[in-house]
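The values are calculated or read from the model by the stated rules, or taken from the named source; none is laboratory data. In this text the structure is predicted, and so the values were computed from the model without any measurement. Virtual Cβ from ideal backbone geometry, glycine too; neighbours counted across all protein chains shown. Note: accessible area is taken over every heavy atom of the protein model, side chains too, but ligands, DNA and RNA are not part of it. Shrake-Rupley method; radii C 1.70, N 1.55, O 1.52, S 1.80 Å.
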Amino acid sequence: MGKKLEFLRGINIPGATYGVIVLLILFSLITNKFLTLANIFFIARSSSILLIASIGMTMVILVSQIDLSVGSVMSLSGVIAALCLQNGMGIPIAILLGIASGIVFGIINGIMVAVYKFDYWISTFATMGVGAGLALVFANGETIPIADEAFGWLGNGKLFGIYVIIYITIILVAIMMFVLGKTKFGYNIYSIGGSEQTALLSGIDVVKNRVYVYICSGLFASMAGLLLASMCNSASPIAGADYSFDAIAAVIIGGTSFDGGKGGLLGTVMGTLMLRILTSGLNLMGFSAIWQKAIIGVVIVAILVGDALNEKRKKKNDMRRTYAYEN
Amino acid sequence: MAGRDKLLDMKGITKRFPGTLALDSVDFEVREGEVHVLLGENGAGKSTLVKIIAGVYNRDEGEMYFDGKKVDFRNVREAQDAGINIIHQELNLLPERTIAQNIFVGREPMQKGLGRIDYKKMLRDSEELLKRLGLDMNPNTLVKNLSIAQQQMVEVAKALSNDIKLLIMDEPTSSLTKREIDKLFGIIENLKKSGISIIYISHRMDEIKRIGDRVTILRDGQYIDTLDAKTMDMDEAIAKMVGRKITKLYNRRYNKPGREVLRTEKLTGLRFRNVSINVREGEIVSLAGLVGAGRTEVAKALFGYDPIEGGEYYLFGKKVKNPSPKKCVRMGMALLPEDRKNEGLFLKMPIRDNIIAASLNKLFKNGIVQNNTATDTAEKYKKELKIATPNIYKLVGELSGGNQQKVVVGKWLSTDCKFFIFDEPTRGIDVGAKAEIYQLLDDLAANGAGILMISSEMNEVINLSDRVYVMREGEVVKELDRSEVSQEAILAYALAEGGSSNG
């Protein structure tokens, strides 16, 4: 049995990978507009912003909590950066202040949830409201145009024929995969998610690590918000509104479980790709965008059903196997 | 032995929790290389005391010396660094992580530079540790795939992975089989030989003489006495522990059995097969056998919780088709699970609401919960079952194990159940409360209920049962009458040593 597991460890493929493959084949067969370079780039670009936002969400869900404020923070950081640029403060300040807004939200969430142990749904629901509200107030309810071309390069520019934003995403994901898989912080996240009690009794500082997780969530949300503003050459105060939903969906589809301590970033990468391939394919097939949310919801339900059936089968097999051993 | 140095010396330790004085100026010492047993009823303060030693709690008053130095552990890590490790009563493992990851959780070895964890070293060190404990396990196995006993051993390995001087074990054997306990005691002997001191908490009196050197008795948060384990008188120790003499632990009126409440015919499920047993009114019938023999599985299948793959069974003479817990409860059957806290009770709800939880349909025909009826029902069972509580609005999670078990019984009594399955009825319940639970079982039987009991405590099985079915590897291998029941007989059939299998 040990041998078998070791073998599985090496190629721990998230279930969503198969979903990605199936969708790729399906859409390629249905429409010849799908497997074009332009469309692949489109999918990669639209995946990247969601993926960056989902990095933080993965970490939060790994410790079996949630951050509903991700979308609001995205809107807010974009608006702040756009205002900075509008007022001639320069790109570094714009980026810095945008990211700072995310970190501040992360700290506030972390303090409420980890230090004061407020309910994480309610706490981040509240900061979601505050973030969305501040974005509207700062932007005066309007979309702020960004004229700075250098800022737009982050989201739209290319390097060696590939979009800059794709490099950024790959680098961030690679770093965080390393952090989650190979460092103490990452191990602690899995431990806390697996059993808070055990983590506590093993001498792990649960509060501190939880605060860090929320800071990461805010940080990645703000980066995603900046890149979204860059890509659009403008910052809408409601730009990020849908992203909390999509990020949670990507993480769940990727196999990270709300039970905590189970799953990881590779799954989230696949979950994000699956979502965006679905969106793009449906677009090309002529489904209007208004269908997408419902379809994503259906996909999640389908995954839940599949998981449940799988678990049931596994449980039955396990019991049978035990029985067989005993004889 | 008296000449050995003190490793741990605690003086005047006091700990208050909101509303209770958990420890009241307790003195406690542990010598180098001794097994020091902490004895006391639930709520006596044993767990609080060891949690203070291990840095989980901070004390309010008192002084603590460890290894000759005055210490003041602020958290678990500081105690670990000083060489103190604790194995808690509940397993504290991460099911989705490997054995190696669990052993080194929170203290993962690092590679040089980059802050990168050295998983290979974790594997190597774990393998060595497991080997030292005489365990044949692959450290790369996920913990969720291990048996409870194996998980317990991982806890031991986890504790030993530190450079320890003092190991605290809080009821380590409560979920182990006899063979596994022997193995654990072997390990404890070896640790002792290498100079490690052990604080051992257990409710099992027979274990104390076997491995203990000295025994300290606590009662109601106070230090009572320290005795020599080998020479102490058991009855005296128990008397000191409960503060009164328990006249008789088992007091069984054997009644003439009435009609059949349960009959199974060649019942087969996921981990048992061809089980044919019966229970009659007024009887306590035990399913005996080793952990893993399929006893709990039979109970869960009878209750409609696990699927049945063959055979049939009858409740009160009626054949049960497509069993489900709902149907079984309607027919008058109750299951009192081993894991009371998770499967038997709503810990965050008051006693009253727990007691009426299963009988809402019966009590409130029009679907509206009436306060008076609910309160009266709860008060009735509080009195009948002698639930020790100031009032019926206390949260069940705040009760002792014995009282929690009574609440579960009350919950079923209010549904008019006539057939009870007790799975490990006294697990985690202290001696004083055990006697009351035994009395309760006898009362139930005397009032005409049929009881099927699953217990790993041999004394319970021997002293309470009208009849005993011995199970081995999923099959009933022998039915023993009250006159034939003895520890030797049960073990002989359970282990298939000597006993002829009639299967």
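Things to note:
- In the context of the full protein assembly, B:I224 retains an accessible surface of approximately 50 Å², using a probe radius of 1.4 Å and ignoring ligands and nucleic acids.
- Estimated 222 nm signal from helices in the protein assembly as shown, with DSSP H stretches of n ≥ 4 weighted -39500 (n - 2.57), rounded to 500: -15500 deg cm²/dmol
- Residue with peak Gaussian network fluctuation, chain A [Cα springs, cutoff 10 Å], from A:I30, A:I290, A:I122: A:I290
- Long-range Cα-Cα pairs in chain B (distance over 34 Å), rounded percent: 43 percent
- The residues neighbouring B:L335, those whose beta-carbon lies less than 9 Å from its own, together hold a net charge of -1 under the Lys/Arg +1, Asp/Glu -1 convention.
- Calculated log₁₀ intensity ratio I(q)/I(0) where the Debye formula runs over C-alpha points of region B:110-197, q = 0.15, 0.18, 0.26 Å⁻¹: -0.62, -0.86, -1.46
- For B:D225, the amide hydrogen comes within under 5 Å of the amide hydrogens of B:I217, counting only partners 5 or more places away or on other chains and with H modelled in the peptide plane.
- Separation of the A:A126 and B:K209 label points, Cα + 7 Å toward Cβ, nm: 6.1 nm
- The translational diffusion coefficient of region A:167-302, from Stokes-Einstein at 20 °C and 1.002 mPa s with a Kirkwood hydrodynamic radius over alpha carbon pairs, comes to 128 µm²/s.
- Each label point was placed 7 Å from the Cα along the Cα-to-Cβ direction; for B:E32 and B:E78 their separation is 2.5 nm.
- Neighbour net charge for A:I40 - beta-carbon separation under 13 angstrom, K R +1, D E -1: +3
- Under a Gaussian network description of chain A, with springs only between Cα atoms under 10 Å, the residue in A:G306, A:G260, A:G98 that fluctuates furthest is A:G306.
- Panel values: the protein assembly as shown, Kirkwood radius from alpha carbon pairs, Stokes-Einstein at 10 °C and 1.306 mPa s, translational diffusion coefficient 52 µm²/s.
- On a per residue basis, the convex hull of the C-alpha atoms belonging to region A:36-276 measures out at 110 Å³.
- Ordering of B:385-394, A:271-280 by packing is A:271-280, B:385-394, highest average first (other Cβ atoms within 10 Å, averaged per residue).
- Under 14 Å from the B:S324 label point (7 Å along Cα→beta-carbon), backbone N, region B:276-314: B:304-307
- Association of chains A and B removes close to 3300 square angstrom of accessible area from solvent, both sides included, for a probe radius of 1.4 Å.
- Computed from the C-beta positions of B:T375 and B:Y254 and an R0 of 30 Å, the FRET efficiency is 0.25 to the nearest 0.05.
- Once backbone amide H atoms are built at 1.01 Å from N, B:L7 has B:V30, B:R31, B:E32 as its partners under 5 Å, excluding neighbours fewer than 5 places away on the same chain.
- Taking amide H atoms as placed 1.01 Å from N in the peptide plane, the amide H of B:A288 lies under 5 Å from those of B:Y469, B:V470, B:M471, each 5 or more residues away in sequence or on another chain.
- Scattering profile of region B:423-493 at q = 0.19, 0.26 Å⁻¹ [log10 I(q)/I(0), Debye over alpha-carbon scatterers]: -0.82, -1.28
- Once both labels are positioned 7 Å from their Cα atoms along Cα-to-Cβ, the gap between A:K208 and A:M89 label points is 3.2 nm.
- Computed from backbone phi with θ = phi - 60° and the Karplus coefficients 6.51, -1.76 and 1.60, the 3J(HN,Hα) list for region B:421-434 is 10, 9, 9, 6, x, 10, 4, x, 9, 7, 4, x, 6, 4 Hz; x is used for glycine and proline.
- Using a Gaussian network model of chain A in which every pair of alpha carbons under 10 angstrom is joined by a spring, one finds that among A:A16, A:A247, A:A221 the greatest mean-square fluctuation is at A:A16.
- For region A:22-144, the Rg and Dmax computed from alpha carbons only, in angstrom: 18.2, 55
- Region B:138-287, Rg to Rh (Cα coordinates; Rh as Kirkwood inverse mean 1/r): 1.09
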